[in-house]
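Structure, as structure tokens:
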Amino acid sequence: MNAISPRTAIIGGTGLQKIAGLKVIGREVMHTPFGEPSAPLTHGEVGGARIAFLPRHGHGHTIPPHLINYPANIYALRQIGVNRVMAINAVGAIDPDLGVPALLCPDQLIDYTYDRFHSFEAGRRGKVRHIDFSEPYSSALRAIILKVAADANLEMHDGGTYGITQGPRLETAAEITRLARDGCHVVGMTGMPEAALAREIGLEYAVCAVTVNRAAGLGESEPNAEMATQVEPAMALLNNLLAKLIPVLGQ
Ligand code: HPA
């Protein structure tokens, strides 16, 4: 499988267990020094463009955000020779200018998670490295995603801050007020430590976020109730983007 290894991997989040229109070429069970990734990697193509796909929560969405084996997921992608990762994250909208569903390519993040394996530096011998993380996402990969969306006439918000909470419970209304005060535009549970691990290991990494609800205290119904009706239209929006994006990323 490695001989025909793709350059780009997509990590799918809530709602995106598989990619519509992706022709599956094979599946690869990976073992890493950090254990097993969330699922076997799916190798697939759209019109000859090759990508690898990994559902972050496992096939069947069985792994909660705080128990995802982030280091194994990232390490496995590195092992097959991928050098860039587009992460898909379902999020709650905090910014009132964001609709539901809506696409957003964040350019910043704030990490509110704890007790997660957050660094390959842990236990590593030798000189301690402090990676630069002032710009957590790859500007080159963000530019590609935004251009493809614009060319396809798909509205995608350029920039914004992604606040990552521990979960799996949703936030209190007061926590969302605090995140808004901190400058977060969207909130989710899986953006970290994935982004930092990717940076540590030298992968280009960017997020395509899709809103599936208004964050706690901001909507007319509870986040879960809104999510129940909005995940499907959000995924339809996302699959429209992916249909255009994979042929570019898979070259
Ligand atoms: N909060 C946290 N994570 C989420 C949300 C939310 O409102 N929606 C989707 N993922």
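The values are calculated or read from the model by the stated rules, or taken from the named source; none is laboratory data. On a predicted model such as this, the values are computed, not experimentally measured, just so you know. Cβ coordinates were reconstructed from backbone atoms using ideal geometry, including for glycine residues, and neighbour counts include every protein chain displayed. Note: areas computed on protein heavy atoms with side chains; ligands, DNA, RNA excluded. Shrake-Rupley method; radii C 1.70, N 1.55, O 1.52, S 1.80 Å.
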*LEU237 accessible area, 1.4 Å probe, all protein chains in place, Å² to nearest 10*: 50
_Accessible heavy-atom area order of THR161, THR62, highest first, probe of 1.4 Å_ = THR62, THR161
*Anchor LYS244: lysines whose Cα lies under 17 Å away (excluding residues fewer than 8 positions away in-chain)*: LYS18, LYS23, LYS147
*Å² of accessible area per residue within the range 38-95, as computed with a 1.4 Å probe and no ligands counted*: 25
_Probe radius 1.4 Å, ligands and nucleic acids left out: which of THR229, THR211 has the largest accessible area, and how do the rest follow?_
THR229, THR211
*asked:* Give me, ordered by chain and number, the residues 5 or more places off VAL207 or on other chains with an amide H under 5 Å from its own placed amide H.
replied: ALA87
_Quick check: residue separation of ARG129 and ALA152 times 0.36 nm, minus the Cα distance between them. What number comes out in nm?_
4.2 nm
*Taking 7 Å along the Cα-to-C-beta vector as the label spot, tell me the ILE63-ALA20 distance in nanometres, rounded to one decimal.*
2.6
*May I ask you to give the percent of accessible area on the chain that is carbon plus sulfur, with a probe radius of 1.4 Å?*
52
*asked:* I'd like the antiparallel share, as a percent to the nearest 5, of DSSP beta bridges with both residues in the chain.
replied: 35
